[in-house]
1. Ignoring ligands, DNA and RNA, what percent of the accessible area of the stretch 232-369 is carbon or sulfur (1.4 Å)?
2. Taking the convex hull of the Cα atoms, report for the stretch 268-329 its projected area averaged over all directions, in nm².
3. At 1.4 Å probe radius, can you tell me the per residue accessible area of the stretch 255-305 in Å²?
4. Sorting check: for 122-133, 222-233, 336-347, which peptide has the highest mean count of neighbouring beta carbons within 10 Å, and how do the rest follow?
5. If R0 is 25 Å, what FRET efficiency do you get for Trp340 and Val75 from their C-beta distance, rounded to 0.05?
6. Given the pairs Lys62/Lys159; Lys62/Lys273; Lys62/Lys157; Lys157/Lys354, which are separated by over 26 angstrom at their Cα positions?
7. Using the C-alpha atoms of the stretch 106-154, what convex hull volume per residue, in cubic angstrom, is computed?
8. For the stretch 197-305, compute Rh as the Kirkwood radius over C-alpha pairs and then the Stokes-Einstein diffusion coefficient at 20 °C and 1.002 mPa s; write the answer in µm²/s, rounded to an integer.
Amino acid sequence: MNIETPETLGPNQNGNSKTLAEKPIKAKNWLMIIIHCAFATIGAVGGPLLVRLYYLHGGNRKWLMSCTQSGGFPVLVIPLMFLFFQSKLSTPKNDEIPLAFWLEPKLFLSSAVVGTVFGFDSFMYSLGLSYIPVSTSSLLFSTQLCFTAFFSWLIVKQKFTAFIINAVVVMTLGSVLLGINTNGDKPVGVSKSQYLLGFLLTLTAAALIGLLMPLIELSFSKAIRNITYASLLQFQFIYSLFATIVCVIGMLVNKDFQAIPREANEFGLGKAKYYIIMVLTALTWQLSAVGTMGVILHANALFNGILTSVLVPFTGVAAVIFYHESFTGLKGMALALCLWGFCSYFYGEHKMMKMKRVTNSETMERIHHVENEPRRADHRDELYTV
């Protein structure tokens with residue numbers, strides 16, 4: 001005897017399917033979320049510092065820096081091979097690897113398109129970071145939370161509350177304050193027009209990232225099969241591959257490959273450290289990208305935006321400590337506004353989740369009441385199917 005689930009307790013009097021409960025909220029794997037948050041943290045703090053280190057000691061190849069943001073993808077072959085052999089060992093002899101191991105064609109296409117756009121986004125971010133300090137760039141990039149919130153509402157129908165609107169307003173105001181401060185904050189050798197260009201490029205890169213993250217979440221939600229960790233890494237591999245292709249084309253046009261040996265010889269920290277910085281930067285960004293994908297998969301794009309915003313103060317403080325960058329009053333005010341925006345969003349999410357829990361509890365009580373009320377013989381088939 002098959003018992004139908006509470007979501008569809010059989011036809012009602014009109015012959016239509018009767019739904020007593022909404023689809024349950026997706027359970028979060030908090031261990032995986034914490035692990036991927038740690039990965040994302042390494043990139044959010046370490047990535048900009050390494051890129052800035054490259055520029056401070058004589059590096060000047062924008063497309064090369066863009067390539068490091070995705071070019072570390074070959075390292076993903078190691079965990080993918082491990083997962084492949086693990087899947088093969090758990091499969092009966094002479095049977096093929098389960099279909100769920102491989103990435104769906106639709107997800108392959110999505111990762112290729114998103115990765116291509118990310119390649120151009122990486123260039124804008126790298127070029128912008130060459131004209132503005134790390135602390136300013138990090139604060140500007142924190143506005144991706146606002147863009148992520150908006151595009152999440154538009155693309156994946158995320159709830160857009162008054163608290164999120166408040167976060168958008170105050171964090172945008174913080175960015176405007178940074179834009180006003182264009183004199184005492186410029187790095188040595190950077191003109192006012194270059195500073196403004198870096199400001200606009202970084203803000204545009206933040207907006208584009210805010211668009212890409214909900215698109216990735218939408219791709220995951222539209223997948224036919226459940227997303228395994230193997231398919232997640234394959235998605236990241238294809239994503240990074242296409243982003244790297246865009247950057248390599250830019251490097252070829254800009255003749256970066258011919259300039260790399262010369263730049264390494266003239267690098268302020270020495271030739272060996274030049275290549276070490278390149279490798280570390282690529283690995284750091286790739287680890288961060290895996291963390292981002294994992295956070296989106298196990299939570300959502302908006303949660304990833306929140307995480308990025310939370311890490312902004314840490315990046316700014318690290319830049320002040322290691323590079324002795326100035327932290328002006330306007331920059332401090334902008335930081336305060338970003339934190340205010342984050343707190344506003346977090347409080348709104350807390351209230352929303354509380355309301356969902358109350359609604360879900362009331363719904364389950366209603367289902368329990370329906371299941372335990374006396375059933376007439378002529379309606380028994382409404383709940384049971386022989």
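1. 71
2. 5.7
3. Result: 42 Å² per residue.
4. Sorting 122-133, 222-233, 336-347 by mean packing, highest first, produces 122-133, 336-347, 222-233.
5. 0.05
6. Pairs exceeding the cut-off: Lys62/Lys159; Lys62/Lys157.
7. It is 82 Å³ per residue.
8. Approximately 131 µm²/s, per Stokes-Einstein.
The values are calculated or read from the model by the stated rules, or taken from the named source; none is laboratory data. Keep in mind that this is a model prediction, so the values were computed, not measured. With ideal geometry, Cβ positions are generated from the backbone for all residues, glycine too; neighbour counts draw on all protein chains shown. Note: accessible area is taken over every heavy atom of the protein model, side chains too, but ligands, DNA and RNA are not part of it. Shrake-Rupley method; radii C 1.70, N 1.55, O 1.52, S 1.80 Å.
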